[in-house]
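The structure appears right after this line, and notes come after that.
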Amino acid sequence: MLCMNPDGAETIYDMYFKSSWLTDHKHKQRQALVDAIGKEPSRSDAVWKFVDSGGLEEARQQALYVELQGKDIKTPARITREKAFAILNRCHEAFAGSGDLAFSGFTANSTKKSEWLAKDTIQAVLTAFNECKAHNTLFEPTR
């Protein structure tokens, strides 16, 4: 945000560091989705509904934490292989869709270096995804 709006740095700093936006995972996930697809999706879009309703945040927490609900211990093992691969596929699509935005400097202008770094990083994500995919034939990356 600072890179794309350098003139509003003070306002942006206050918004992120003096409010709860930095620790609000649902907000960060919604913003990452918008950044990845380059526009705000329709409110009826299934992916938007999943992220906006907290589905991605819930899955993230389930994958990381052991919980106690009453007398039941809930472990990360409740994340099924299918669910994990579906989320990994969405993450792969988001990385591939974001282009070189994360590497394009303070003015968010593409350069040969930013394009190379993005391509290299997206390839690393794809390689890792393919290693995981080898264990499950249900999902194919879209790119």
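Criterion first (among the hydrophobic types (A, V, I, L, M, F, W, C) and either more than 27 Å from residue 126 (Cα to Cα) or touching a residue at least 40 places away in the same chain (Cβ under 8 Å) (or both)) does residue 79 satisfy it? When the stated conditions are applied, residue 79 does not pass them.
For residue 60, the conditions (1) at pLDDT 80 or above; (2) of a type outside the set (Gly, Ala, Ser); (3) more than 23 Å from residue 96 (Cα to Cα) all hold with the exception of (3).
Please determine, by comparing only the residues of segment 90-107 that are surrounded by 16 or more Cβ atoms within 10 Å (Cβ to Cβ) and hydrophobic (A, V, I, L, M, F, W, C), which one is nearest to residue 32 (Cα to Cα). Checked segment 90-107; the qualifying residue nearest to residue 32 (Cα to Cα) is 94.
Within segment 35-54, the residues that satisfy the criterion of being at pLDDT 80 or above, assigned to a helix (DSSP H, G or I) and of a type outside the set (Phe, Trp, Tyr) are 46, 47, 49, 51, 52.
So in segment 102-143, with the set limited to residues that are more than 23 Å from residue 31 (Cα to Cα) and not in a helix (DSSP H, G or I), which one is modelled with the lowest pLDDT? In this case the residue turns out to be 139. Taking residues in segment 26-49 that are exposed (fewer than 13 other Cβ atoms within 10 Å of the Cβ), and partners anywhere that are assigned to a helix (DSSP H, G or I), the pairs with Cβ atoms closer than 8 Å and at least 6 places apart or on different chains are 38/97; 40/34; 42/48; 43/49; 43/52. Residues in segment 82-130 that are among the acidic types (Asp, Glu) and farther than 22 Å from residue 48 by Cα: 100, 115, 120. Among residues belonging to segment 52-89 that are exposed (fewer than 12 other Cβ atoms within 10 Å of the Cβ) and small (Gly, Ala, Ser), point out the one that is nearest to residue 24 (Cα to Cα). So, considering only residues that are exposed (fewer than 12 other Cβ atoms within 10 Å of the Cβ) and small (Gly, Ala, Ser), the one nearest to residue 24 (Cα to Cα) is 53. For segment 31-60, what are the residues that are within 12 Å of the chain's Cα centre (by Cα) and of a type in the set (S, T, N, Q)? The answer is 31, and nothing else.
The values are calculated or read from the model by the stated rules, or taken from the named source; none is laboratory data. The structure presented is a predicted model; accordingly, all values stated were derived computationally and were not measured. Virtual Cβ from ideal backbone geometry, glycine too; neighbours counted across all protein chains shown.
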